[in-house]
Amino acid sequence: HSLAITADGAVFTWGKGEHGCLGHGEDLSNQLLPKKVEAFAGQRVVAVSAGGYHSLAITADGAVFTWGKGEHGCLGHGEDLSNQLLPKKIEAFAG
């Protein structure tokens, strides 16, 4: 899968939707064209990264979000190893 940021800080994802790595909630289908990640509405994203089955974004205020396959703790949500179908803030970086 792939991710991109627009000049105004919106996030788009496309490719294989397995495990929620595209961040479109219950829609796990493959996306053949870039689709906006609506979970970031009202926020400005400044950086993104794609792992094998997970994704990461950093917002302008420094918050770090991950989503996708939670196995092995790769999302950074502690004991919660579940797949995240929408971007979820990593609390370890808060405050």
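Here is how the numbers come out for the structure above:
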{"item": "Sequence-separation-based contact order of segment 1-53, relative, with Cα cut under 8 Å and 6+ spacing, percent", "result": "40 percent"}
{"item": "Directionally averaged shadow of segment 16-76, computed from the convex hull of its alpha-carbon atoms, nm²", "result": "4.2 nm²"}
{"item": "16 Å Cα cut-off, lysine pairs counted over the chain (separation 8 or more, or different chains)", "result": "5"}
{"item": "Label-to-label distance, nm, for residues given as His72 and Ser29 (7 Å Cα→Cβ offset)", "result": "3.1 nm"}
{"item": "Stretchable slack from Ala63 to Arg44, in nm (0.36 nm times residue separation minus alpha-carbon distance)", "result": "5.8 nm"}
{"item": "Cβ crowding within 10 Å averaged over residues, with 82-93, 54-65 ranked highest first", "result": "54-65, 82-93"}
{"item": "Accessible surface of the chain, 1.4 Å probe, proportion on carbon and sulfur as whole %", "result": "55 percent"}
{"item": "Rounded accessible area per residue of the chain, 1.4 Å, Å²", "result": "55 Å²"}
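The values are calculated or read from the model by the stated rules, or taken from the named source; none is laboratory data. Quantities reported herein were computed from a predicted structural model and do not represent experimental measurements. Virtual Cβ from ideal backbone geometry, glycine too; neighbours counted across all protein chains shown. Side chains are part of the model used for accessible areas, which takes the heavy atoms of the whole protein and leaves out ligands, DNA and RNA. Shrake-Rupley method; radii C 1.70, N 1.55, O 1.52, S 1.80 Å.
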